[in-house]
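J.: Here's a structure for you.
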Amino acid sequence: MNPFKKIDLKRNKHYLFIILLLFQGCQAQDKKPENDIEEIQKNAIGITNKVAFTGNVDFKMAAKIATPGVVHIKCSFKPQSRQYENEDEDGFYNIPDPFKDFFKEDPFFSPFKFQIPGSQKQDSEPIIGSGSGVVLTTDGYIVTNNHLVKGADQINITLFDGRSYSAKIIGTDPQTDLALLKIDEKKLSFIQFGDSDTIEVGEWVVAVGNPFNLASTVTAGIVSAKARNINILQDQGAIESFIQTDAAVNPGNSGGALVTLEGKLIGINTAIATPTGVYAGYAFAIPVDIVKKVSNDLMHFGFVQRGFLGISIRDMNSDIAKEIKIDRANGVYVDSVSVNGAAKEAGVKAKDVIISVDNIDTFTSSKLQEIVMRKRPGDKVKIVLIRNGNEKKELIATLKKLEQEVKIVKKENPYLLKDLGVELVEINKEDQKKYKLKNGLKVTKLFDGKLKRNTNIREGFVITRVNNLDVYSIMDFIKAVKVQQGGIILEGKYAGDPTFYYYAFGL
């Protein structure tokens, strides 16, 4: 069982999250918007000084500043359509017996309600989820977790003083698990951005949120670690570089604030590691330097575009160090470099070890990803690396947009679709309106293969997710299938039918 839990009350089952890591940067425009959220905050609040403590630590200031800027979020979700064939297997509906062996012991698939096209039985009660959010501006921009609001039909925001509002989603970014909301109000209390780069392990921090619907709960702890990658985000290309803390965080804290003793935001609480489903001493927050970038992009453009350095990376270890004869076991090892990518054009080569980017040490891949994702295509980054064991080089790379990259594809990938017996095309704008979807791949042709032999899928079906991973392109589909061992779940819709269908098969 994966002990890492998303803090979300929508479901009370266990999850197994699967991730295919890509090395990416984010961008929205080459030119930085003049009125970004941090500038708006500074203009509203003025300059604040760092608090110095000479005696016992006092959390009152942090609580007083942060608590009014944390909101209670309640989300309503439509009940899922499903057909009940046999309810004695805890929601294990309509999977052919041979495939139950793939799924019944896997907690990832337990939340799915499997349905055969044409079945109409439906739960009558809406599903309610509860969590937290952080006010970023006086005019009602609020940041929270994407997993809290994704798919919500109604979002209600309750402020610290009890006032309640309906909220709309400005934009979401599954790769960082962040979402930006907006309510119509002025002169709101907000939490000023801090600096997650300068926060140190061992510093005091305060968590503010609404655990178990207990409004405005404040807990304290220390920074236990930085740049943690716990492989919990389910979207392809996810960026994980969590701040770890031992401040008490529980279900309902999701989307809430992690602040310094000065009351400045350094993270958005997102996950806990626990064997029981509640606090066990390990909580994880998205660093505020990621929050700044994503929230500004969502506010100005409604989405976060992504660019690539164009390298495949992994953490250094002692085995790699011995192989390449280097006297350090930390850093980021370059497995491969894509043709025409930004890194290759800068002079990065396979087997290089990247030790810093823009003068920030990169001891882990997750830290490197975090640094680059704050940039935009066209931005230059300074890369310091070690080559051939002892040759130190400093290179300048100009980040590129996704369409400028040549993807690295394994030779066997083109044969995957043939093995499944399917032809796929990315949906166009007309299909998006017809199916009421933003992403997906349409099944244009089925021939003899695993899909036709093992499922009732029909031509015209649009696949939106594979094993809980959103798919936007055929490459997304291939990577999502390749990363999974054993069972595959396809999620999607047919034209004119609002129901989401699930098809299960084994590789």
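The values are calculated or read from the model by the stated rules, or taken from the named source; none is laboratory data. Only a predicted model underlies this, so the values are computations on that prediction, with no experimental measurement involved. Heads up, the Cβs are rebuilt from the backbone with ideal geometry, glycines too, and the neighbour counts pull from every protein chain shown. Heavy atoms of the whole protein, side chains included, go into the accessibility calculation; ligands, DNA and RNA do not. Shrake-Rupley method; radii C 1.70, N 1.55, O 1.52, S 1.80 Å.
J.: For region 230-247: of the residues being part of a loop (DSSP other than H, G, I, E, B) and at pLDDT 90 or above, which is least open to solvent (accessible area, probe 1.4 Å)?
T.: Out of the qualifying residues, it is ALA247.
J.: Please go through region 336-378 and give me each residue that is out of contact with any Leu (no Cβ under 6 Å at 6 or more places or on another chain), in contact (Cβ under 8 Å) with a residue 40 or more places away in the chain and outside any helix (DSSP H, G or I), ordered by number.
T.: Across region 336-378, the qualifying residues are SER336, SER338, VAL339, ASN340, GLY341, VAL348, ILE360, PHE363, THR364, ARG374, ARG376, GLY378.
J.: On to the next question. Taking region 358-378, which residues are acidic (Asp, Glu) and buried (at least 18 other Cβ atoms within 10 Å of the Cβ)?
T.: GLU370 - this is the single residue of region 358-378 that is acidic (Asp, Glu) and buried (at least 18 other Cβ atoms within 10 Å of the Cβ).
J.: Please indicate, with yes or no, whether at least one residue in region 280-289 is over 25 Å from GLY341 (Cβ atoms) and of a type in the set (Phe, Trp, Tyr).
T.: yes
J.: Counting only residues that are open to solvent by 20 Å² or more (accessible area, probe 1.4 Å), out of contact with any Ser or Thr (no Cβ under 8 Å at 6 or more places or on another chain) and not in a strand (DSSP E or B), how many does region 379-401 have?
T.: Residues that pass the stated criteria total 2.
J.: Additional query: Take the residues of region 288-304 that are in a helix (DSSP H, G or I) and open to solvent by 50 Å² or more (accessible area, probe 1.4 Å): which is nearest to GLU38 (Cα to Cα)?
T.: That would be HIS300.
J.: Which of the strands (runs of 3 or more DSSP E) found entirely inside region 119-229 contain at least 3 residues meeting this: under 30 Å from TYR472 (Cβ atoms)? Even if it seems obvious, please write down each step before you answer.
T.: Details: elements: 127-135, 141-145, 154-158, 164-166, 168-173, 178-182, 204-209, 217-228.
The qualifying strands (runs of 3 or more DSSP E) are 127-135, 141-145, 154-158, 168-173, 178-182.
J.: In region 340-353, which residues are touching a strand residue (DSSP E or B) at 6+ places or on another chain (Cβ under 8 Å) and either open to solvent by 80 Å² or more (accessible area, probe 1.4 Å) or more than 12 Å from ILE326 (Cβ to Cβ) (or both)?
T.: If the condition is that a residue be touching a strand residue (DSSP E or B) at 6+ places or on another chain (Cβ under 8 Å) and either open to solvent by 80 Å² or more (accessible area, probe 1.4 Å) or more than 12 Å from ILE326 (Cβ to Cβ) (or both), then GLY341, ALA342, ALA343, LYS344, GLU345, ALA346, GLY347, VAL348, LYS349, ALA350, LYS351 are the ones that fit.
J.: Let me ask something else. Can you find, within region 411-432, the residue that is farthest from ASP358 (Cα to Cα) among those that are part of a loop (DSSP other than H, G, I, E, B) and either modelled with pLDDT of 85 or more or touching a helix residue (DSSP H, G or I) at 6+ places or on another chain (Cβ under 8 Å) (or both)? Before the answer, list the steps.
T.: Within region 411-432, the subset part of a loop (DSSP other than H, G, I, E, B) is 411-413, 421, 427-428.
Adding the requirement that they be either modelled with pLDDT of 85 or more or touching a helix residue (DSSP H, G or I) at 6+ places or on another chain (Cβ under 8 Å) (or both) leaves 413, 421, 427-428.
On the way: ASN413: 35, GLY421: 47, ILE427: 39, ASN428: 39 Å.
Once the filter is applied, the top-ranked residue is GLY421.
J.: Given the condition in contact with a strand residue (DSSP E or B) (Cβ under 7 Å, 6 or more places away or on another chain), hydroxyl-bearing (Ser, Thr, Tyr) and either at pLDDT below 90 or open to solvent by less than 70 Å² (accessible area, probe 1.4 Å) (or both), answer yes or no: does some residue in region 95-112 qualify?
T.: No: region 95-112 contains no residue that is in contact with a strand residue (DSSP E or B) (Cβ under 7 Å, 6 or more places away or on another chain), hydroxyl-bearing (Ser, Thr, Tyr) and either at pLDDT below 90 or open to solvent by less than 70 Å² (accessible area, probe 1.4 Å) (or both).
J.: What's the total number of residues in region 139-163 that are polar (S, T, N, Q), surrounded by fewer than 24 Cβ atoms within 10 Å (Cβ to Cβ) and at pLDDT 95 or above?
T.: Of all residues in region 139-163, those polar (S, T, N, Q) come to 144-146, 154, 156, 158.
Filter once more, keeping what is surrounded by fewer than 24 Cβ atoms within 10 Å (Cβ to Cβ): 146, 154, 156, 158.
With the extra rule that they be at pLDDT 95 or above, the set shrinks to 156, 158.
Count: 2.
J.: From THR219, THR274, which residue is of a type in the set (Ser, Thr, Tyr) and more than 20 Å from the chain's Cα centre (by Cα)?
T.: THR219
J.: Which one of these is in contact (Cβ under 8 Å) with a residue 40 or more places away in the chain and farther than 19 Å from ILE170 by Cα: GLY277, GLY256, GLY302?
T.: On the way: GLY256 fails: farther than 19 Å from ILE170 by Cα; GLY302 fails: farther than 19 Å from ILE170 by Cα.
Testing whether each residue is in contact (Cβ under 8 Å) with a residue 40 or more places away in the chain and farther than 19 Å from ILE170 by Cα leaves just GLY277.
J.: Here is a further query. Here is a check on your reading of the model: is ASP319 free of Cβ contacts under 8 Å to residues at least 40 places away in the same chain, assigned to a strand (DSSP E or B) and either closer than 22 Å to GLY255 by Cα or not hydroxyl-bearing (Ser, Thr, Tyr) (or both)?
T.: Working: free of Cβ contacts under 8 Å to residues at least 40 places away in the same chain: yes; assigned to a strand (DSSP E or B): no; either closer than 22 Å to GLY255 by Cα or not hydroxyl-bearing (Ser, Thr, Tyr) (or both): yes.
When the stated conditions are applied, ASP319 does not pass them.
J.: Further question: Would you check which residues across region 305-324 are open to solvent by 20 Å² or more (accessible area, probe 1.4 Å) and at pLDDT below 85 and list them?
T.: Correct list: GLN305, ARG306, PHE308, SER312.
J.: Which of (1) on the phi > 0 side of the Ramachandran plot; (2) in a helix (DSSP H, G or I) does GLY277 not meet, given it meets every other one?
T.: (2)
J.: Which condition number in (1) out of contact with any strand residue (DSSP E or B) (no Cβ under 9 Å at 6 or more places or on another chain); (2) modelled with pLDDT of 90 or more is the one that VAL384 fails?
T.: Of the numbered conditions (1) out of contact with any strand residue (DSSP E or B) (no Cβ under 9 Å at 6 or more places or on another chain); (2) modelled with pLDDT of 90 or more, the odd one out for VAL384 is (1).
J.: Can you confirm whether ASN250 is in contact (Cβ under 8 Å) with a residue 40 or more places away in the chain, of a type outside the set (Gly, Ala, Ser) and outside any loop (DSSP other than H, G, I, E, B)?
T.: no
J.: Please note which strands (runs of 3 or more DSSP E) are completely contained in region 433-498 and include at least 1 residues that are surrounded by 14 or more Cβ atoms within 10 Å (Cβ to Cβ), under 29 Å from the mean Cα position of the chain (by Cα) and touching a residue at least 60 places away in the same chain (Cβ under 8 Å). Break it down stepwise before answering.
T.: Numbers: elements: 441-446, 462-466, 487-493.
Of the strands (runs of 3 or more DSSP E) lying wholly inside region 433-498, those with at least 1 residues that are surrounded by 14 or more Cβ atoms within 10 Å (Cβ to Cβ), under 29 Å from the mean Cα position of the chain (by Cα) and touching a residue at least 60 places away in the same chain (Cβ under 8 Å) span 487-493.
J.: Which of the residues belonging to region 341-358 are among the acidic types (Asp, Glu) and within 14 Å of ILE396 (Cβ to Cβ)?
T.: Scanning region 341-358 gives GLU345, ASP358.
J.: Restricting attention to region 248-260, report how many residues are of a type in the set (A, V, I, L, M, F, W, C) and at pLDDT 95 or above.
T.: Count: 3.
J.: Looking at ARG228, ARG314, ARG306, which is the one that is charged (D, E, K, R) and in contact with a Leu (Cβ under 8 Å, 6 or more places away or on another chain)?
T.: ARG306
J.: Let me ask something else about it. Just to verify a result, which residue in region 174-224, among those that are of a type in the set (Phe, Trp, Tyr) and buried (at least 16 other Cβ atoms within 10 Å of the Cβ), is farthest from GLU262 (Cα to Cα)?
T.: PHE190
J.: Could we say that ALA285 is modelled with pLDDT of 90 or more and surrounded by fewer than 21 Cβ atoms within 10 Å (Cβ to Cβ) here?
T.: no
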